[in-house]
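Novice: Supplied in structure tokens, the structure appears directly below.
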Amino acid sequence: MIQIQSLTFGYSPNALIFDGFNLSIARGETWAILGPSGCGKTTLLYLLAGLKFPITGQILVDGQPLTRPRPRSGLILQDYGLLPWATVRQNAEIGLRVRDFYGPDGKHSPDNYEPESNVNHWLKRLGIEDIAAQYPAQISGGQRQRTAIARTLALRPDLLLMDEPFSSLDAITREDLQNLTLALSVEQNLTLVIVTHAVEEAAALGNKILLLGAPTNRTARIFDNPNAGQSSQRNSAVHNALCDRLRKEMRH
């Protein structure tokens, strides 16, 4: 689904984050991007979202060069990106309202969507139907995250990009939402890319783990993790061994 070819990017020509970087992500895969602060995790996510563009090289999605944000790419930011003056329902609808404004011309948006019934479905599916009239300041962090997920899934994405989406949540809520996100990605046949700085989260979520180091990143260090998402995987010997290995790699 995604091909990163000879990607070079930096905020300064003398401080490149990526140089000749290559990566391939297949449709339906779940990836975790892991690394220390300043390594380029969020920058790579923004490049995949079409919000930033390579200096040289290119990113292909379904064989097409990425030259703008894709209608079917969903992006969930760390702070959820909710409008404080809008209710849960209005926040969940905002993406569809923007899409409707531009119109289904095949460039800005696909031509098949059902705004209201689709939003109602996701409010109910994510367990936030009863708080649909409340505002972000009146609900919990987990409920705000569910609202952001509802807003994104209402757009029917095939690629879901998430930037440290669970970092501010308590442990139980975090694990519940991690499991929900994995279940929804399978249910909706999503390609899922999650940025995280937490080793345990990467090992719990990513069937593939991309470990970035201090810039400049030239080679993709990829760890296979086929048991990610299985209920028996967390705290297993295999999980703990992978976490130990990732920590050692990050220190080096």
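Novice: Using modelled backbone amide H atoms (1.01 Å from N, in-plane), which distant-in-sequence or interchain residues come within less than 5 Å of Q78's amide H?
Specialist: Under 5 Å from the amide H of Q78 lie the amide H atoms of D163, each far enough along the sequence or on another chain.
Novice: Still on this model: Each label point is 7 Å from the Cα along the Cα-to-Cβ direction; what then is the distance between the points at D244 and M1, in nm?
Specialist: About 3.4 nm separates the two model spin labels.
Novice: Test of understanding: in a Gaussian network model of the chain with alpha carbons linked when under 10 Å, which of N225, N14, N189 would top the mean-square fluctuation ranking?
Specialist: N14
Novice: Continuing with this model, one more query. Along Cα→Cβ, 7 Å out, is where each label goes; now give me the distance between the ones at V186 and A198 in nm to one decimal.
Specialist: 2.1
Novice: Mind listing the long-range amide H neighbours of I17? Cut-off is under 5 Å, sequence gap 5 or more, other chains count too, H placed in the peptide plane at 1.01 Å from N.
Specialist: When sequence neighbours closer than 5 places are left aside, the close amide H contacts are F9, G10, Y11.
Novice: Under 10 Å, Cα contacts only: if you run a Gaussian network model on the chain, which one of D79, D130, D224 comes out with the highest mean-square fluctuation?
Specialist: Looking only at D79, D130, D224, the biggest GNM fluctuation is shown by D130.
Novice: Could you give the spread of the C-alpha atoms of segment 160-252 along their three principal axes, from largest to smallest, in whole angstroms?
Specialist: 35, 29, 26
Novice: Same structure again: Between I55 and S140, what FRET efficiency follows from the Cβ-Cβ distance if R0 is 41 Å, with the result rounded to 0.05?
Specialist: Efficiency at R0 = 41 Å is approximately 0.50.
Novice: For segment 82-94, in order, what is each residue's ³J(HN,Hα) by Karplus, 6.51 cos²θ - 1.76 cosθ + 1.60 with θ = phi - 60°, in whole Hz (x at glycine and Pro)?
Specialist: 7, 7, x, 8, 10, 6, 4, 4, 4, 5, 5, 8, 4
Novice: What percent does the relative contact order of the chain come to when contacts are Cα pairs within less than 8 Å and at least six residues apart?
Specialist: 28
Readers should treat all values here as calculations from the given coordinates under stated rules, not as data from a laboratory. What you see is a predicted model, and the numbers here were worked out from it, not measured in a lab. All Cβ positions, even for glycine, are placed from backbone atoms using ideal geometry, and neighbour counts span all protein chains on display.
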